[in-house]
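Single-structure report; data block below.
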Amino acid sequence: MVTPEDRGGSKQLMNTSCQETANTPSFLNPFAVESPEKLTPKQIVDLFVPQFTQLETVKQRRHTLIWGTRGSGKSMMLKYLEPRCQGVIHGGVARFLDLDDRFMGVYCPCKEGHLNKSEFSLLDPYAALVVNEHMLNIRIADRLISCLREQLPQDIFIPGEIEAFGREVVRLFDRVAIASSAEEASQSIDFKTNVLNWLQVLFAIENRKLSSFLKANALQGGNIGYEGATSGYHDFLLPLMRATLSFKGLKEIPIYLLLDDADKLNKEQQTIVNTWIANRDQKIFCLKISTQREAYKTFKTRDGGRIEQPHDYSQVDVDGLYTQSRSDYSQKIKLIVEKRLQLSAMPNREAESFLPPDGNEEQLFNQVKAETAEQWKKDGEPGRQRDYVYRYASARLFQLLREARRRKSYAGFQNLVHLSSGVIRDFLEPCYLMFDACVAKGDEPKDITHIPPAIQNEIIYKYSEDFLLVLFEDIRKDLPPEKWTQVEELRTLLESLGRLFYNRLHDPKSREARLFSFTVRGRVSAEMEDVLNMGVRNRYFLLRTYSTKEGGGREKWYILNRRLCPMFKLDPTGFEGRISLTPKLLAVALKNPDEFVKMRLKQPEELPQPEELPLFEKEGGTGDAEI
Amino acid sequence: MTPKFSSEEIDMMGGIKSIHPQSPDDIILLCASYEPRSLATTQALAPSYRAKRGLIYVNREFLSGPAGPMVNRNLEILQGTLTNKCDLVEIIQGSWLDPKIQLTELRHYLQKTGDTASSKRRTTIDITTFNREALIVAVALLLENSSPGDIRAVYVSPQDHGAWLSRGFRLVRNVMGFAGTQQPSKNTILAVLSGFEPERTAKIIEEHEPSKVLLGLGDPPTDTKFLERNRLEQHLVLARQEVADFCFPADSINDCAHCLREVLFPYIGKSNVIIAPMSTKLSTLAALLVAYENPDIQLTYCVPGEYNIEDYSRGSKAFFLESLSTYETECKGE
């Protein structure tokens with residue numbers, strides 16, 4: 001884990017007054033992860049890798065929900081769609097606006113405490129909806145105006161157009177309700193000479209009125225009159241978008257509202273957004289909503305309906321690439337790494353040689369592969385030689401290393417890609433620490449040509465250990481004490497599975513040594529389901545589904561996060577088949593790893609079904625039996 | 001600096017008297033918690049002390065479970081003591097988990113209505129063992145109906161704190177009534193008055209994702225040995241690049257408020273300002289005063305997973321007595 005200490009180093013506290021003292025930034029590390037909001041448009045364009053992101057789906061003229069864990073690159077993708085970034089890509093915003101597939105991305109972040117205010121719970125449901133919707137509307141309106149003001153070339157507006165637009169926007173509000181805010185805005189800004197700025201001031205005043213109302217309602221209690229305007233979808237948001245489209249220079253450009261971190265909206269606000277989606281006004285504007293899956297609390301609309309995919313929206317799963325196509329994921333990481341090495345002007349800009357594997361172990365592995373190929377002949381040439389070698393050589397390597405009491409090396413670009421299990425942040429963070437370790441050792445950052453395997457191993461073992469130990473503590477901290485038993489059970493389950501898979505991998509007689517996933521046959525209790533879900537939520541398991549042999553539906557398939565491999569001495573490069581657990585055995589796994597391993601090893605090995613193993617892509621490559 | 005007294009000095013003074021020696025306080029507001037310090041203020045009241053109403057706040061979740069025996073015992077003792085000193089004693093059953101219950105219950109008892117609405121109201125509040133969120137709400141409700149100078153806070157510092165104060169976190173939320181105003185075109189500044197709970201500090205920073213963090217360290221602290229612990233505990237937070245640090249007087253409401261005004265002055269109006277009070281109760285009230293004067297400021301709170309009920313604090317060391325003072329009254333005083 002990259003701790004703040006690792007990033008900036010510790011610092012003596014010298015400040016003894018009410019004056020603030022700033023910290024100083026450290027050297028540039030090519031693997032540093034910065035918040036997209038702190039990056040310039042050029043930096044965003046430079047760092048963002050559009051390949052394998054399903055960006056084309058996001059760019060379609062449809063409402064889209066973008067699911068992804070924290071740090072998966074959702075915000076980066078949305079910021080990349082803003083006009084100022086598209087301008088960098090296409091040689092100017094004006095040129096981008098001339099393209100056939102042009103769009104105007106309006107970035108609207110939902111930050112903690114900005115919209116999800118505690119005071120909403122004090123309002124009756126109807127008032128809460130009205131106030132919530134107005135708050136959302138004026139925030140979006142502010143971002144839209146800001147985009148028009150700051151991101152578009154001002155010469156696209158015909159004289160008089162902006163003033164007409166401003167008057168139209170004011171007309172969207174009830175005249176009496178908006179009068180005092182309009183008057184106040186006019187006291188600080190002249191409408192005629194600075195229409196867009198004036199509108200933003202108007203929205204700021206309305207925003208303040210909402211806050212004052214919420215405060216007074218909380219502290220004075222009931223019977224507090226709201227003195228601002230209100231606005232809805234059909235009477236404000238939609239006409240506002242139409243009014244924007246009336247700018248001739250925009251040539252009826254589609255407007256994309258890029259709602260980032262919608263998990264930070266309260267349930268009523270999410271209901272309002274769902275209602276907007278259900279209206280399907282994509283011809284006028286589209287919502288591109290990024291959120292963490294488990295924190296999007298509802299798909300209901302205001303009238304009790306539900307939004308459904310694909311009728312109402314498309315969806316993109318930012319985390320799903322690894323399980324869908326591991327070779328694409330590897331390609332994507334390679335592009336990211338090489339872009340970063342290039343931007344940091346590193347002497348070596350090639351991912352594989354910057355992160356080399358352990359040479360001795362590579363040599364040993366090549367020997368093992370040759371021996372396994374010979375063994376294939378002795379065994380009567382069952383199946384294809386390549387598949388045989390792929391299945392048994394890697395396991396044999398682990399067995400030999402154990403016999404020789406040598407630690408397995410997880411160094412090397414491909415190993416690190418696998419260990420990141422589909423989360424780019426889990427690739428970049430250990431690399432950040434590896435680079436940092438080289439610098440701490442005395443290497444000049446600009447002269448680093450590669451990260452020695454020993455340093456890679458040191459960091460990656462620690463990174464794996466943190467996942468099992470430190471992050472578990474973090475999960476505990478995020479939960480109330482009544483949930484802590486489940487946290488302990490999840491930890492025990494991982495221990496049980498880790499030990500079982502280790503035993504299989506290191507048993508020379510094992511025919512399916514590289515198991516790495518499991519299914520549960522039969523109904524599990526609600527408590528067990530909670531533990532499994534907690535494992536998925538915190539990415540200890542990747543959840544897939546598979547067709548049951550009996551037909552008639554799909555069942556859940558839990559794949560261990562490969563970041564755990566170094567801790568349990570497992571093979572991160574692939575797995576074959578899956579073990580099936582009964583609810584009874586799962587219950588043992590949640591309580592007692594020794595007993596679980598003993599019981600499970602007594603059961604016969606399950607060979608993978610042919611339909612489950614369609615992919616043996618290439619040697620040492622992506623042999624997952626994932627459907 | 002807040003007047004600070006040892007138990008012996010309080011005894012020599014004849015105990016804590018009413019705000020106006022000739023007339024009873026209108027309200028004395030206490031909190032019954034699992035800490036032995038809950039009782040320290042009532043034990044230090046002068047024999048002559050009188051109040052018209054005695055209000056005891058208790059978080060309903062603590063009336064049962066592991067904290068139950070201690071809280072019920074302390075509640076009973078407080079009730080007994082106040083019965084002899086007040087015309088009326090009432091219990092406010094709030095909640096540390098549900099902010100709506102917390103606010104509405106406090107509001108029910110602290111709001112002035114009818115013929116008392118226009119009269120001057122004097123309140124003594126023992127701020128020692130309130131959870132910070134309830135404390136802010138309670139004093140904000142008092143401020144709605146009283147002038148700051150008529151609210152006297154009593155704080156009892158401990159001999160020592162336990163190895164940990166709270167563990168885990170449930171969620172981050174704004175304190176009711178202090179959502180502030182956030183303008184989307186402005187960046188966000190988070191000022192943290194840090195204490196001994198670095199994980200909660202880190203959680204608040206993570207949730208708000210501010211452009212800049214101003215990390216405050218309590219110096220002077222209520223006790224010199226607390227400063228070193230404060231520094232050590234916040235060490236990791238300080239190592240972040242986007243963090244600047246400052247010191248605030250943790251031992252005085254009004255001095256701390258003065259300091260906060262100074263630190264935040266460059267940002268008010270230019271940035272969205274959020275304050276996370278996580279240090280002493282005295283500095284928590286300072287944050288309240290500054291946010292009360294500047295309605296755009298948000299007060300944020302990280303609800304912990306659990307409190308160290310067994311060993312939150314040990315003993316009572318010093319008494320701090322201070323009447324509130326807003327910026328306006330501070331200026332008038334000058």
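Throughout, read-outs are computed from the coordinates displayed, never taken from laboratory work. This one's a predicted model, so the numbers in the text were calculated from it and none came from an experiment. Neighbour counts are summed over all protein chains in view; Cβ atoms, including those assigned to glycine, are modelled from backbone coordinates with ideal geometry.
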- request: Could you grab the Rg to Rh ratio for chain A? Cα atoms only, Kirkwood for Rh.
  value: 1.02
field: Contour minus Cα-Cα distance for A:Arg384 and A:Ala295 (0.36 nm per residue)
entry: 27.4 nm
query: Suppose every K and R has +1 on its Cβ and every D and E has -1 on its Cβ; what is the size of the dipole of chain A about the Cα centre, in Debye to the nearest 20?
result: 800 debye
- line: Under the 7 Å Cα-to-Cβ spin-label approximation, B:Phe265 and A:Ser180 lie apart by a distance in nanometres of 3.2 nm
query: In which sequence would A:Ser517, B:Ser166, A:Ser547 go, from the one with the fewest C-beta neighbours within 10 Å to the one with the most?
result: A:Ser547, B:Ser166, A:Ser517
message: With a cap of 14 neighbouring Cβ atoms within 10 Å, and only residues DSSP puts in a loop, list the trypsin sites (Lys or Arg not before Pro) found in the range A:42-121.
response: A:Arg61, A:Arg70
- line: Those trypsin sites (Lys or Arg not before Pro) from the range A:351-389 that are DSSP loop and have at most 12 other Cβ neighbours within 10 Å turn out to be A:Arg384
- prompt: Whose amide H sits under 5 Å from the amide H of A:Val106, counting only residues 5 or more places off or on another chain, with H placed in the peptide plane?
  reply: A:Tyr256, A:Leu257, A:Leu258
- line: Surrounding charge for A:Leu479, neighbours by C-beta under 15 angstrom, Lys/Arg +1, Asp/Glu -1, total -2
message: Between helix A:484-505 and chain A, what is the angle of the helix's C-alpha long axis to the longest principal axis, kept within 0 to 90° and rounded to the nearest 10?
response: 40 degrees
message: Testing the spin-label approximation: label points 7 Å from Cα along Cα→Cβ at A:Arg554 and B:Glu206. State their distance in nm.
response: 3.1 nm
field: 0 to 90° range, to nearest 10: angle between helix A:161-171 axis and chain A longest Cα axis
entry: 90 degrees
message: Of all beta bridges DSSP finds with both residues in chain A, what is the antiparallel percent, to the nearest 5?
response: 35 percent
message: How much length would be gained if the chain were fully extended between A:Asp190 and A:Asp124, taking 0.36 nm per residue of separation minus their Cα-Cα distance, in nm to one decimal?
response: 19.9 nm
- line: About its Cα centre, the range A:57-323 carries a charge dipole, from +1 on Lys and Arg Cβ atoms and -1 on Asp and Glu Cβ atoms, whose size in debye to the nearest 20 is 380 debye
- line: Label model pair B:Gln111, A:Arg511: point-to-point distance (7 angstrom along the Cα→beta-carbon line) in nm is 7.6 nm
- prompt: For A:Ser525 and A:Gln315, what does the FRET efficiency come to when R0 = 30 Å and r is the distance between their Cβ atoms, rounded to the nearest 0.05?
  reply: 0.45
query: With the contact rule set at Cα under 8 Å and sequence spacing of 6 or more, what percent relative contact order holds for chain A?
result: 15 percent
field: A:Lys598/A:Glu56 FRET efficiency (R0 45 Å; Cβ-Cβ; nearest 0.05)
entry: 0.30
- prompt: R0 = 25 Å: FRET efficiency of A:Ala404 with A:Glu371, Cβ-based, nearest 0.05?
  reply: 0.95
task: Pick out which of B:Gln22, B:Gln43, B:Gln111 has the largest mean-square fluctuation in a Gaussian network model of chain B, springs linking Cα atoms closer than 10 Å.
output: B:Gln22
message: Give the aspartates and glutamates reachable from A:Lys117 as a straight Cα distance under 15 Å; neighbours fewer than 8 places away on the same chain don't count.
response: A:Glu133, A:Asp263, A:Glu268, B:Asp98, B:Glu133, B:Glu207, B:Asp296
- prompt: lysines near A:Lys339 by alpha-carbon distance under 27 Å, same-chain residues fewer than 8 away left out - which ones?
  reply: A:Lys38, A:Lys42, A:Lys59, A:Lys74, A:Lys79, A:Lys288, A:Lys441, A:Lys446, A:Lys462, A:Lys618
task: Kindly express, to the nearest 10 degrees and within the range 0 to 90, the angle between helix B:132-145's C-alpha long axis and the longest C-alpha principal axis of chain B.
output: 70 degrees
query: So for the range A:57-323: antiparallel DSSP bridges make up what percent, rounded to the nearest 5?
result: 5 percent
